[in-house]
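Down below is the structure, laid out as structure tokens.
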Amino acid sequence: MILGIESSCDESALALFDEQSGLAGEWVHSQIAVHENYGGIVPDLASREHLNKFPLLLEKMQLTLDGKGVDRIAVTCGPGLAGCLAIGLALAKSLALVWQVSLVGVNHLRGHAYSPFIPLHQNDPSQFDVNLQNYLPHLGLIVSGGNTILFRLNENRSLDILAQTVDDAAGEALDKGAKLLGMKYPGGPLIEEHAQRGNNKAFDFPRPYYHSEELKFSFSGLKTSLRYRLEKINDDSLETLMPDICASYQEAVVQALARKTEQALSCSSFASLGLSGGVANNKRLREVFTVLAQSIGLPLYIAEPAHTGDNAAMIAFAAYADPKGTIPTDNFDLSFHPSLTLSPENSAV
């Protein structure tokens, strides 16, 4: 039994993962209601919420354990907000010391990388390792508010970054675009809601590197383009044009992601395609990736909605699926690393 602990940003999360049967329980406290009035995450408030909510989550988790023991603890050690990571790490060390069990650090991004394969284990736990090998090498896209990374998961379960954003992440562009449009935080889902009623070809927003062979993403120019366009639209017209603006803006993000994924697929051979991170919940993105995967005959693995955002299930699962990719501890010397990258051997630690 592995206990996963996640506190990298604004979700306090615990999860129990049984290697023999799969997820035994998940407990998440979201802080959206705390931060939405500020238009984004306030680090001090996020840290305070972790301190207040983890004890309550622990009580619920222990009811599920019902006297059974935890064999290992896996905790997010980066990337993320320093204060938030420190609280999760302190909790993990305390529990590991009290229970006398092993403790490992998990790269939050590796959690996202493996999250689409959680159902593969649930379907047949005893054959997970064999079944996973059938889908490697795997091309995965992590797309969230803080990260946009295209990576290759190799047969030996090492990770290679193929492309990443040079500025804003895709989710960040959606949230900042929503803010420019007067929407509350988090705005990405609200843009999607308006976009469902709009014409995604009504406005021509930029898609940097779209016609370039360089495997790079860029979304800061998209946000700037929206700001300049809004300066030419009065409030009365904006209300009428809102669905078309949102649909076109969202489409620029989706097509930029799909274009570089398609280019990566053409450069090498892959056995599967994956999508994870908070923006993976976007229906238009899922639709485009489904069509892309079908067009080249690859199975598509998309993280389940409960495992697209910050969650502890993916942290516990990554510790199980990729033990060599964890960060081992000696005398509980594990530290947090706010700027941890998705490196093949966790070389940033």
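The values are calculated or read from the model by the stated rules, or taken from the named source; none is laboratory data. Worth saying up front: this structure is predicted, and the values here are computed from it rather than measured. Note that we place each Cβ from the backbone using ideal geometry, even for glycine, and neighbour counts take in every protein chain shown.
May I ask you to list the residues in the stretch 230-258 that are among the charged types (D, E, K, R) and more than 30 Å from the chain's Cα centre (by Cα)?
If the condition is that a residue be among the charged types (D, E, K, R) and more than 30 Å from the chain's Cα centre (by Cα), then 231, 232, 235, 236, 239 are the ones that fit.
Taking the stretch 12-41 on its own, how many of its residues are closer than 16 Å to residue 83 by Cβ and at pLDDT 95 or above?
Residues meeting the conditions: 1.
Please verify whether residue 26 is surrounded by 13 or more Cβ atoms within 10 Å (Cβ to Cβ), touching a residue at least 12 places away in the same chain (Cβ under 8 Å) and closer than 19 Å to residue 114 by Cα, treating the condition exactly as stated.
So residue 26 passes the test.
Considering only the stretch 287-328, state which residues are free of Cβ contacts under 8 Å to residues at least 40 places away in the same chain and β-branched (Val, Ile, Thr).
If the condition is that a residue be free of Cβ contacts under 8 Å to residues at least 40 places away in the same chain and β-branched (Val, Ile, Thr), then 288, 290, 291, 296 are the ones that fit.
So residue 107 clears everything in (1) polar (S, T, N, Q); (2) out of contact with any strand residue (DSSP E or B) (no Cβ under 7 Å at 6 or more places or on another chain); (3) over 23 Å from residue 290 (Cα atoms); (4) surrounded by 24 or more Cβ atoms within 10 Å (Cβ to Cβ) except one condition, right? Which one?
(2)
Checking residue 293 against (1) closer than 23 Å to residue 135 by Cα; (2) surrounded by 19 or more Cβ atoms within 10 Å (Cβ to Cβ); (3) in contact with a helix residue (DSSP H, G or I) (Cβ under 7 Å, 6 or more places away or on another chain), only one condition comes out false. Which one?
Every listed condition holds for residue 293 apart from (3).
For the stretch 265-277, what are the residues that are under 17 Å from residue 255 (Cα atoms) and either assigned to a helix (DSSP H, G or I) or aliphatic (A, V, I, L, M) (or both)?
If the condition is that a residue be under 17 Å from residue 255 (Cα atoms) and either assigned to a helix (DSSP H, G or I) or aliphatic (A, V, I, L, M) (or both), then 265, 266, 273, 275 are the ones that fit.
In this structure, is residue 21 within 23 Å of residue 322 (Cβ to Cβ), surrounded by fewer than 16 Cβ atoms within 10 Å (Cβ to Cβ) and not hydrophobic (A, V, I, L, M, F, W, C)?
So residue 21 passes the test.
Given the condition assigned to a loop (DSSP other than H, G, I, E, B), in contact with a strand residue (DSSP E or B) (Cβ under 9 Å, 6 or more places away or on another chain) and within 16 Å of residue 254 (Cβ to Cβ), answer yes or no: does some residue in the stretch 167-176 qualify?
yes
Could you say whether any residue in the stretch 13-36 is closer than 20 Å to residue 107 by Cβ and small (Gly, Ala, Ser)?
yes
Select, from 131, 156, the only residue that is of a type in the set (S, T, N, Q), surrounded by fewer than 24 Cβ atoms within 10 Å (Cβ to Cβ) and touching a helix residue (DSSP H, G or I) at 6+ places or on another chain (Cβ under 7 Å).
None of the others qualify; the one that does is 131.
With 118, 149 as the choices, which residue is of a type outside the set (Ser, Thr, Tyr), buried (at least 20 other Cβ atoms within 10 Å of the Cβ), assigned by TED's automatic domain parsing to the domain that holds residue 317 and modelled with pLDDT of 95 or more?
Sole residue among the options that is of a type outside the set (Ser, Thr, Tyr), buried (at least 20 other Cβ atoms within 10 Å of the Cβ), assigned by TED's automatic domain parsing to the domain that holds residue 317 and modelled with pLDDT of 95 or more: 118.
Do we have residue 54 as surrounded by fewer than 23 Cβ atoms within 10 Å (Cβ to Cβ) and touching a strand residue (DSSP E or B) at 6+ places or on another chain (Cβ under 8 Å) here?
Answer is yes for this residue.
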